[in-house]
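Have a look at the structure below, then the notes.
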Amino acid sequence: KDKNNFAPRLGFAYDVLGTQKLVLRAGYGIMYDRIYNNVFENIRFNPPFFSDNQIGAFVSQTPAGRLSTPGLYSVPLASRAVFNDPAFEPKPNPRHMDENIVSPYYHQFHVGLQWEIFNGYVFEPEYIGTLGRKLLGYYDVNTFNGRTAGNGSAARINPDIGQDNFRNNNFESEYHAMQLTVRKNYAAGLGFNASYTWSRTLDNLSDLFNGRGSPQIAGGPTDTMNPMSDWGPADFHMKHRFVTNISYELPFMKRNKYLGGWHIHTIVSLQSGVPFSPYHSSTDYDLNKDGRPNDRIVYNGSDSPMNSVREGSPADGYFDASKWGPYTCPANSFGGLWCNAPQGRGSITGPGYRNVDFSLQKQFSITEGTRLSLLFNFFNFFNHTNFDIPNHNLSSTSSFGKSTETFAPRITQLAVRLDF
């Protein structure tokens with residue numbers, strides 16, 4: 001026990017039928033995280049010594065953004081006249097930390113069995129849970145729902161600054177999993193480990209600064225006044241995952257010093273895809289009128305959004321883009337001026353992943369304690385195409401719904417290793 005880590009554990013064992021050992025294990029712990037440097041060191045960009053300015057919405061009908069965003073000016077800077085235009089009203093975008101911020105922490109617990117079903121074969125069923133509390137995130141506290149609605153006024157709470165990135169502890173997560181493992185200790189030239197996990201991972205922010213697979217591209221929640229509106233499957237949630245690795249010494253000329261010594265090793269990975277949320281990044285689609293165009297669009301079908309997933313190659317269209325579109329605020333929602341989309345976060349699961357890594361090894365015994373090995377390694381041995389999540393930004397009309405990126409193709413590696 002220490003001030004940052006209290007993890008008591010309990011375990012006991014007993015014999016079944018006098019030959020097969022059955023062990024019950026359980027544990028619980030509270031684990032404290034650290035506030036990593038990027039969270040608090042970014043306040044060095046605050047005025048008066050530094051100013052990341054917001055200088056206006058448009059320049060020649062083109063969004064200008066901050067001074068740190070190229071587009072308003074060219075390099076090298078040839079003219080400063082545009083910066084002297086009073087219409088831009090330069091305003092700093094400060095960062096600040098909640099004065100009551102604390103270290104995030106996690107409740108971690110598990111209970112499971114370790115059962116030697118046969119000599120050298122072990123079966124391990126286990127439940128594992130993790131609850132993340134007071135997790136770190138940030139959002140703009142100088143805006144509010146409906147801020148840009150009505151007559152187009154975009155007044156800030158504090159009119160002297162633009163966006164105010166508020167770092168705080170208003171985020172949570174949950175992980176629950178059933179893990180099943182069968183393991184054979186290496187003996188008689190064979191060893192393997194096979195694991196299957198069924199899990200559920202929920203949160204309202206998966207990464208402090210980035211939002212993979214969700215409309216949190218600009219950082220922070222979709223609704224800054226209600227971070228829990230994004231509670232749903234985490235960006236890295238994988239419901240099913242199966243992994244097995246096998247090591248086998250080929251019996252061919254096994255005792256021959258020169259012709260024997262062949263081994264094969266393989267790792268097979270099968271897993272379901274990760275969730276994502278179709279959204280619209282156009283400045284014309286800001287449902288809650290908070291000045292941040294990261295609102296979700298909605299599924300127009302009467303069934304599950306997963307029914308919009310199409311057969312065939314994800315490159316040709318992973319889901320039916322025609323069934324997704326912008327949402328219109330009903331008249332009874334603040335006079336139809338603003339609302340939040342009724343579509344939940346992570347409503348579609350992306351393409352699954354299948355991969356086989358294979359290795360062939362030839363060992364030469366030089367002396368009793370020295371061996372030379374030739375390794376032929378193949379990653380993604382069958383060269384199976386694994387697609388990343390599709391483009392889910394409706395603003396990208398030409399590629400919306402299509403997977404435009406893939407994971408690594410087959411890679412071959414040849415190596416020589418000397419063990420002594």
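Give the accessible area for F50 in Å² (nearest 10); use a 1.4 Å probe, count only protein heavy atoms, and leave out ligands, DNA and RNA.
About 90 Å², rounded to the nearest 10.
Just by accessible area at a 1.4 angstrom probe, what is the order of T143, T385, T404 from largest to smallest?
T404, T385, T143
Report, by chain and number, residues whose modeled amide H sits under 5 Å from the one on I366, excluding near sequence neighbours (fewer than 5 apart, same chain).
Excluding prolines and chain starts, which carry no amide H, the hits are R371, L372.
For a quick check: with amide H placed at 1.01 Å from N, whose amide H comes under 5 Å from V309's, ignoring anything fewer than 5 positions away on the same chain?
Residues meeting the amide H criterion: D320.
How much accessible surface area, in Å² rounded to 10, belongs to the heavy atoms of E124 with a 1.4 Å probe?
In the full protein context, E124 sits at about 50 Å².
Using a 1.4 Å probe and counting only protein heavy atoms, arrange D230, D284 so the residue with the most accessible area comes first.
D284, D230
With a 1.4 Å probe and every protein chain left in place, tell me how much accessible area R133 has, in Å² to the nearest 10.
Looks like 50 Å² after rounding.
Per residue of region 247-264, in order, report the coupling 6.51 cos²θ - 1.76 cosθ + 1.60 (Karplus, θ = phi - 60°) as ³J(HN,Hα) in whole Hz, putting x for Gly and Pro.
3J(HN,Hα) across region 247-264, in whole Hz: 10, 9, 8, 5, x, 4, 6, 4, 8, 7, 4, 9, 9, x, x, 8, 10, 10.
For region 139-144, what does the Karplus curve 6.51 cos²θ - 1.76 cosθ + 1.60, with θ = phi - 60°, yield as ³J(HN,Hα) per residue in whole Hz, taken in order and with x for Gly and Pro?
7, 7, 9, 9, 9, 7
Using a 1.4 angstrom probe on the protein heavy atoms only, could you order R34, R296 from most to least accessible area?
Highest to lowest solvent-accessible surface, that is R34, R296.
What pairs from K289/K402; K184/K254; K289/K323; K21/K239 go past 26 Å between their alpha carbons?
The answer is K289/K402; K21/K239.
The values are calculated or read from the model by the stated rules, or taken from the named source; none is laboratory data. Bear in mind the structure is a predicted one, so any value in this text is a computation, not a measurement. Ligands, DNA and RNA are stripped out before the accessible areas are found, and what is left, the full protein with its side chains, is counted by its heavy atoms. Shrake-Rupley method; radii C 1.70, N 1.55, O 1.52, S 1.80 Å.
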